[in-house]
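A.B. asks: For reference, the structure I am asking about is given below.
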Amino acid sequence: MSQAVATGRTTTQEFSTWRRLRGWVGNPWGKPRFLVVITWTYIVWSIAPVLVAIQFSFNDSRSLTVWHGFTTKWYTSTSPAINSVFHDPGLRGALQQSMKLAFLDVVIATPIGVLLALGLARWRGRGSGGANFLMLFPLVTPEIVMGVSLLLLFSHLLTVVPFGTPAQVLGHVTFSISYVVVIVRGRLFSIGRSYEEAAADLGAAPAVALYRVLFPLLLPAIVASAAIVFAISIDDFVISQWLSNGANTTTVPMTIYNATRATPQPSTDGIATVIMVITLAAVIGGVLVFRFFTRGEGGRGSAIDDVAGFGI
Amino acid sequence: MYPRWLWPAFALPGVVWLLILFVLPFYAVVGVAFGSVDPILLTAVPAWNPAQWNFGWVTQVLTELQPGGIYWDVFVRTLEYVLLSLAGCVLIGYPVAYYISRHASRTKSLLLILLVLPFWISYLMRMLAWINLLSPGGYAERFLSATHINDLLFHLGVVSDPNNYLGGESFTVIIALIYGYIPYFILPLYASLDRIDRSHLEAARDLGASPWRAFLHVTLPLSRTGLLGGAVLIVLPMFGDYYTPNIVSGAPTTSMIGNQIDLYFHGGPQPTIGAAITILLSLFLVLLMGYYMWTIHRASRDLPA
């Protein structure tokens, strides 16, 4: 400020820059540019921290705050002094456990969810209202409540289920089913019943109409929901933690959590980066498959709807 | 064309799954909370028969929930954190959702992808990222020091130690909660703003409303369901959050209800009290949810046919 006052020229320059900026932001005839500024600031704020975390997974030092140059040792080093993502037994085990749970979750939750979606969309009888209502609850129940209740279930009522992978898989499937139902049911409503009716009119038996007509039409939604189940399972921390059974059933989010409570290291950023890449690959794969199967169906704006729909 | 039993049969496995692994677990919580504690082993002895329920633990928690009790502060703090985070999400999220739905034309697809991106990055990674940034010497910490914003925050009383953001600051926890949950708020809000028919706005403008008045009397009321939906979507999980405060603070001075539950199960195990708190929290959230459904129901009833 005092510098600006010292020379008149600087003041004028600063003033005019300021005025131009103000004019650009507050121009009442153009786009509301202050909204542009807020939006892009938000976007940068929401993503930049993650980029910094990725950057420090390549840091040639133990520091997570000062940059010492590029290295991939936190991923690939076999030295026992460095707990690299792919060679440290703890980190590797966490990656394997996360992948195992996500895979089993997809394999179990997707078929159950697809069948439930079909049933709930078309079953009009006693109990259907209650079932529809029940399906919504896992979506809004805080994870800690589900964690506590499943923990107490497996320790007092269903004691045959051991903690660790079996309990974790059951927990993951329980919160995943509803996502599958929501996605598949949306698709069911948008395709309607006319294709199946046409098939029946042409003489198709119910089983044929289901398998040859409805199933292919539902396939994009099934693939999309499988991708989403995979992603939410990999992302889950609470259920995995509450139902785990010590170190050998630790997942990646649990590893990150434990590290943040002690001393996070570049390899912590590294394992988070690996899991992020895997999740993004699954989701992008899901979107691409969805787009491939539904090509030529929608018109303008369908891409946007897909993208928005993928955030649930 | 299909046999009548087909659709209920399709629904059966899913319904049975949810009954056993979603409904039955609540009965387990009730049994433990209304049960007793083994005097020697200090483990929970659940009571499955309602006739044998012991309401002592729930009553005890309820007593401590009154002003002056040990849970009162935690409850008030949780409420404070959730409401402030919700306010932050509205203040940041509304302009963003509004801009993307209304004004972004060429950049809309790109912005939507960037908006959805945080959904697919692990919540824990996004918290870890802030540990990197806010640790002493981290980019954000250095930025705040260099710009003297840290002094400003200190003098405003927002932070108690301007050089240690991760040592139990409510401010950090609230910022982390906003950062963590805002994507879930923006998306439903965006969807409801995007559905608004522009002709309503044009009509308001043609009838002489200023842009501001048109926003206030047309856009805002029409986006109410999106606002409420987004709010419910983030408020419910925030009430059960314990990991966010644990990660960015870890101090008892910032503990929320979730931390209290976590402590009774993972700290010094007293699952009976933990279960009692869980039941009360669930009841509170059911009431919130009921209020939301009632509002939505009323809103849809008021709409002209």
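The values are calculated or read from the model by the stated rules, or taken from the named source; none is laboratory data. Keep in mind that what you see is a predicted model, and the values were worked out from it rather than measured. So basically every Cβ, Gly included, is an ideal-geometry build from the backbone, and we count neighbours across all protein chains shown.
A.B. asks: For residue B:25, all conditions in the list (1) at the interface with another protein chain (Cβ under 7 Å from one of its Cβ atoms); (2) over 27 Å from the mean Cα position of the chain (by Cα) hold save one; what is the number of the exception?
C.D. replies: (2)
A.B. asks: Can you tell me which residues in the stretch B:253-298 are of a type in the set (Ser, Thr, Tyr) and at pLDDT below 85? Spell out the reasoning first.
C.D. replies: Residues of the stretch B:253-298 that are of a type in the set (Ser, Thr, Tyr), as a first pass: B:253-255, B:264, B:272, B:278, B:282, B:291-292, B:295.
Result: B:295, single match.
A.B. asks: I'd like to check which helices (runs of 4 or more DSSP H) are fully inside the stretch B:130-201 and have at least 1 residues that are in contact with a Gly (Cβ under 6 Å, 6 or more places away or on another chain).
C.D. replies: Values: elements: B:139-146, B:149-155, B:170-195.
Counting at least 1 such residues, we get B:170-195.
A.B. asks: Here's another thing I want to ask about it. From the list B:168, B:157, B:137, pick out the single residue that is under 22 Å from the mean Cα position of the chain (by Cα), on the phi > 0 side of the Ramachandran plot and not basic (Lys, Arg).
C.D. replies: Working: B:157 fails: under 22 Å from the mean Cα position of the chain (by Cα); B:137 fails: under 22 Å from the mean Cα position of the chain (by Cα).
When all the criteria are applied, what remains is B:168.
A.B. asks: Right, something else. Can you tell me which residues in the stretch B:129-146 are among the hydroxyl-bearing types (Ser, Thr, Tyr) and more than 7 Å from chain A (Cβ to nearest Cβ)?
C.D. replies: Residues of the stretch B:129-146 that are among the hydroxyl-bearing types (Ser, Thr, Tyr), as a first pass: B:135, B:139, B:145.
The one that is among the hydroxyl-bearing types (Ser, Thr, Tyr) and more than 7 Å from chain A (Cβ to nearest Cβ): B:145.
A.B. asks: Could you tell me which of the residues B:77, B:126 is more than 8 Å from every other protein chain (Cβ to nearest Cβ), charged (D, E, K, R) and in a helix (DSSP H, G or I)? It would help to see each step written out before you state the result.
C.D. replies: On the way: B:126 fails: more than 8 Å from every other protein chain (Cβ to nearest Cβ).
Answer to the check: B:77.
A.B. asks: Can you work out which of the residues in the stretch A:73-83 that are without any contact (Cβ under 8 Å) to a residue 24 or more places away in the chain and part of a loop (DSSP other than H, G, I, E, B) is surrounded by the fewest Cβ atoms within 10 Å (Cβ to Cβ)?
C.D. replies: Restricting attention to the stretch A:73-83, the residues satisfying the condition of being without any contact (Cβ under 8 Å) to a residue 24 or more places away in the chain are A:73, A:76-81.
Keeping just the survivors that are part of a loop (DSSP other than H, G, I, E, B) gives A:77-81.
Numbers: A:77: 18, A:78: 10, A:79: 9, A:80: 9, A:81: 6.
This residue is A:81.
A.B. asks: Can you tell me how many residues in the stretch A:45-71 are in contact with a helix residue (DSSP H, G or I) (Cβ under 9 Å, 6 or more places away or on another chain), not hydrophobic (A, V, I, L, M, F, W, C) and not in a helix (DSSP H, G or I)?
C.D. replies: Residues flagged as in contact with a helix residue (DSSP H, G or I) (Cβ under 9 Å, 6 or more places away or on another chain), not hydrophobic (A, V, I, L, M, F, W, C) and not in a helix (DSSP H, G or I) within the stretch A:45-71 amount to 8.
A.B. asks: Checking residue B:258 against (1) surrounded by 23 or more Cβ atoms within 10 Å (Cβ to Cβ); (2) away from chain A (no Cβ under 12 Å): exactly one of these is not met. Which one?
C.D. replies: (2)
A.B. asks: Determine whether residue B:193 is within 21 Å of the chain's Cα centre (by Cα), surrounded by 19 or more Cβ atoms within 10 Å (Cβ to Cβ) and among the hydrophobic types (A, V, I, L, M, F, W, C). Before the answer, list the steps.
C.D. replies: Details: within 21 Å of the chain's Cα centre (by Cα): no; surrounded by 19 or more Cβ atoms within 10 Å (Cβ to Cβ): yes; among the hydrophobic types (A, V, I, L, M, F, W, C): yes.
No: the conditions fail for residue B:193.
A.B. asks: Looking for whichever is more than 10 Å from every other protein chain (Cβ to nearest Cβ), touching a Phe, Trp or Tyr at 6+ places or on another chain (Cβ under 9 Å) and over 30 Å from residue A:262 (Cα atoms) here; the options are B:290, B:230. Which one fits? Even if it seems obvious, please write down each step before you answer.
C.D. replies: Working: B:290 fails: touching a Phe, Trp or Tyr at 6+ places or on another chain (Cβ under 9 Å).
It is B:230.
A.B. asks: Ok, one more. Of the residues B:129, B:176, B:87, which is over 30 Å from residue A:240 (Cβ atoms) and modelled with pLDDT of 85 or more?
C.D. replies: Values: B:129 fails: over 30 Å from residue A:240 (Cβ atoms); B:176 fails: over 30 Å from residue A:240 (Cβ atoms).
Sole residue among the options that is over 30 Å from residue A:240 (Cβ atoms) and modelled with pLDDT of 85 or more: B:87.
A.B. asks: May I pose another question? For the stretch A:116-126, check the following and say yes or no: at least one residue is surrounded by 18 or more Cβ atoms within 10 Å (Cβ to Cβ), within 11 Å of another protein chain (Cβ to nearest Cβ), more than 21 Å from residue B:262 (Cα to Cα) and under 23 Å from the mean Cα position of the chain (by Cα).
C.D. replies: Pass one, the stretch A:116-126, residues surrounded by 18 or more Cβ atoms within 10 Å (Cβ to Cβ): A:116-121, A:123.
From the residues that got through so far, the ones that are within 11 Å of another protein chain (Cβ to nearest Cβ) too are A:116-121, A:123.
Filter again for more than 21 Å from residue B:262 (Cα to Cα), leaving A:116-121, A:123.
Cutting the leftovers down to under 23 Å from the mean Cα position of the chain (by Cα) gives us A:116-117.
Among the residues of the stretch A:116-126, at least one is surrounded by 18 or more Cβ atoms within 10 Å (Cβ to Cβ), within 11 Å of another protein chain (Cβ to nearest Cβ), more than 21 Å from residue B:262 (Cα to Cα) and under 23 Å from the mean Cα position of the chain (by Cα), which makes the answer yes.
A.B. asks: Among (1) of a type outside the set (A, V, I, L, M, F, W, C); (2) over 18 Å from residue B:79 (Cα atoms); (3) at pLDDT below 90; (4) crowded, with 20+ Cβ neighbours inside 10 Å, which single condition is residue B:301 missing?
C.D. replies: (4)
A.B. asks: Restricting attention to the stretch A:98-109, and to residues there that are crowded, with 23+ Cβ neighbours inside 10 Å and of a type outside the set (A, V, I, L, M, F, W, C), which single residue is nearest to the other protein chains (Cβ to nearest Cβ)?
C.D. replies: Filtering first and then ranking leaves A:98.
A.B. asks: Could you list, in sequence order, the residues of the stretch A:84-94 that are in a helix (DSSP H, G or I), touching a residue at least 12 places away in the same chain (Cβ under 8 Å) and either surrounded by 19 or more Cβ atoms within 10 Å (Cβ to Cβ) or basic (Lys, Arg) (or both)?
C.D. replies: Of all residues in the stretch A:84-94, those in a helix (DSSP H, G or I) come to A:89-94.
Those still in the list that are touching a residue at least 12 places away in the same chain (Cβ under 8 Å) too: A:90-91, A:93-94.
Correct list: A:91, A:94.
A.B. asks: Which pairs have Cβ atoms under 6 Å, sit 6 or more apart or on different chains, and link a residue in the stretch A:51-69 that is without any contact (Cβ under 8 Å) to a residue 40 or more places away in the chain to one that is of a type in the set (D, E, K, R) and in a loop (DSSP other than H, G, I, E, B)?
C.D. replies: Here the result reads A:68/A:60; A:69/A:60, each pair linking the stretch A:51-69 to a residue that is of a type in the set (D, E, K, R) and in a loop (DSSP other than H, G, I, E, B).
A.B. asks: Hey, any hits in the stretch A:139-149 for a residue that's more than 7 Å from chain B (Cβ to nearest Cβ), of a type outside the set (Lys, Arg), part of a loop (DSSP other than H, G, I, E, B) and crowded, with 19+ Cβ neighbours inside 10 Å?
C.D. replies: So the first thing to find is which residues in the stretch A:139-149 are more than 7 Å from chain B (Cβ to nearest Cβ), and the list is A:139, A:141, A:146-147.
Right, trim to of a type outside the set (Lys, Arg) and you get A:139, A:141, A:146-147.
Filter again for part of a loop (DSSP other than H, G, I, E, B), leaving A:141.
Add one more test, that the residue is crowded, with 19+ Cβ neighbours inside 10 Å, and what stays is A:141.
Scanning the stretch A:139-149, I find at least one residue that is more than 7 Å from chain B (Cβ to nearest Cβ), of a type outside the set (Lys, Arg), part of a loop (DSSP other than H, G, I, E, B) and crowded, with 19+ Cβ neighbours inside 10 Å, so the answer is yes.
A.B. asks: While we're on this one: Take residue A:208 and tell me if it is on the phi < 0 side of the Ramachandran plot, hydrophobic (A, V, I, L, M, F, W, C) and under 29 Å from the mean Cα position of the chain (by Cα).
C.D. replies: Details: on the phi < 0 side of the Ramachandran plot: yes; hydrophobic (A, V, I, L, M, F, W, C): yes; under 29 Å from the mean Cα position of the chain (by Cα): no.
The answer is no for residue A:208.
A.B. asks: Determine the pairs where a residue that is within 8 Å of chain A (Cβ to nearest Cβ), located within the stretch B:175-186, has a partner that is among the aromatic types (Phe, Trp, Tyr) and assigned to a helix (DSSP H, G or I) with Cβ atoms under 6 Å apart, the partner being 6 or more residues away or on another chain.
C.D. replies: B:183/B:119
A.B. asks: Which pairs do you get when a residue that is at the interface with chain B (Cβ under 8 Å from one of its Cβ atoms), found in the stretch A:241-258, comes within reach of a residue that is part of a loop (DSSP other than H, G, I, E, B), reach meaning Cβ atoms under 7 angstrom, with the pair 6+ apart or on two chains?
C.D. replies: Final answer for the pair search is A:253/A:236; A:253/A:237; A:253/B:122; A:257/A:237.
A.B. asks: Can you name the residue in the stretch B:52-106 that is of a type in the set (Lys, Arg) and over 23 Å from the mean Cα position of the chain (by Cα) and is also farthest from residue A:35 (Cα to Cα) among such residues?
C.D. replies: B:106
A.B. asks: Is the stretch A:152-159 home to any residue that is part of a helix (DSSP H, G or I), in contact (Cβ under 8 Å) with a residue 24 or more places away in the chain, hydrophobic (A, V, I, L, M, F, W, C) and closer than 23 Å to residue A:108 by Cβ? First the steps, then the outcome.
C.D. replies: To start, the set of residues in the stretch A:152-159 that are part of a helix (DSSP H, G or I) comprises A:152-157.
Going one step further and asking which of them are in contact (Cβ under 8 Å) with a residue 24 or more places away in the chain, we end up with A:154.
With the extra rule that they be hydrophobic (A, V, I, L, M, F, W, C), the set shrinks to A:154.
Adding the requirement that they be closer than 23 Å to residue A:108 by Cβ leaves A:154.
Yes, some residue in the stretch A:152-159 is part of a helix (DSSP H, G or I), in contact (Cβ under 8 Å) with a residue 24 or more places away in the chain, hydrophobic (A, V, I, L, M, F, W, C) and closer than 23 Å to residue A:108 by Cβ.
A.B. asks: Failed condition for residue B:97, given (1) within 14 Å of chain A (Cβ to nearest Cβ); (2) among the small types (Gly, Ala, Ser); (3) part of a helix (DSSP H, G or I); (4) exposed (fewer than 15 other Cβ atoms within 10 Å of the Cβ), with all others met?
C.D. replies: Unmet condition: (4).
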